[in-house]
Amino acid sequence: GLLARLQTSALTIRTLSSSNSFSQNIPSCLWKLGRLNHVAIAVPDLEKAQSLYKDVLGAEVSETIALPEHGVYTVFVELGNTKLELLHPLGDKSPIASFLQKNKTGGMHHICIEVDDIKAAMTELKKKKIRILSEEPKIGAHGKPVIFLHPKDCHGVLVELEQA
C-alpha cells in the first residue's frame with residue numbers, strides 16, 4: 001500500500017539525487033543567457049501605438065529615438081518585468097519597412113534576451129551553426145552591443161542578444 005509506494009519514491013529520489021545525469025547533459029558554456037529585455041513590435045503608425053500604450057493602457061512610454069544605423073525609430077514601453085519596443089521604419093532600407101510590407105497592421109518583430117558575454121556567445125553560436133546576421137555586434141537602442149540570430153535557426157523567431 002502506502003508504505004511500499006513511499007519506500008519506492010524514496011529510493012527513486014535517492015537514485016536521482018545521487019546520479020549526476022542531469023548536470024552531465026548540460027553543456028558548459030562560457031556565457032549565460034539572462035533575462036528577457038524586451039519584445040519588439042513593428043508598427044505602421046508610431047503615434048497611434050504610443051497613444052494606445054500611454055493613453056489607453058496607462059503605461060510609461062519613452063520619447064521616440066531615431067536609430068539610423070538600424071533603420072528604425074524606436075519607443076520603449078515600460079512594463080513591470082520587461083519592456084515592449086515599438087519599431088517604425090526610418091529610411092528606405094529599413095528592415096521594418098519590409099516587415100510592414102508583408103504585415104500591413106504590424107506585429108511581433110523580435111525578442112531580445114540579455115547575455116553576460118556577447119563575444120563568447122557569438123563564438124559558441126557560430127560553432128553550433130547558428131547564423132548571426134552581422135559580423136560584429138552593433139550598438140543597440142540601450143547603448144549596448146547587440147546581435148541578431150537568424151530566425152530559421154531559432155524556430156521562426158528573430159532573436160536579439162544584448163550585452164547585459
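The values are calculated or read from the model by the stated rules, or taken from the named source; none is laboratory data. Just so you know, these numbers come straight off a predicted model, no measurement behind them. For neighbour counting, all protein chains shown are included, and Cβ atoms are generated from backbone atoms with ideal geometry for every residue, glycine included. Remember, those area values only see protein heavy atoms, side chains included, never the ligands or the DNA or RNA. Shrake-Rupley method; radii C 1.70, N 1.55, O 1.52, S 1.80 Å.
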Task: Solvent-accessible surface ranking, highest first, for C154, C29, C112 at 1.4 angstrom - done: C29, C154, C112
Open item on the list: Please report the net charge: other residues with Cβ closer than 11 Å to the Cβ of V115, K and R +1, D and E -1.
Closed with: -2
Task: Reachable lysines, given that their alpha-carbon falls under 17 Å from the alpha-carbon of K144 and they are not under 8 places away in the same chain - done: K32, K83, K119
TODO: Please give the net charge around E135, taking every other residue with its beta carbon less than 14 angstrom from that of E135, where Lys and Arg add +1 and Asp and Glu add -1.
DONE: +3
Task: By average C-beta atoms within 10 angstrom, highest first, the peptides 42-50, 91-99 - done: 42-50, 91-99
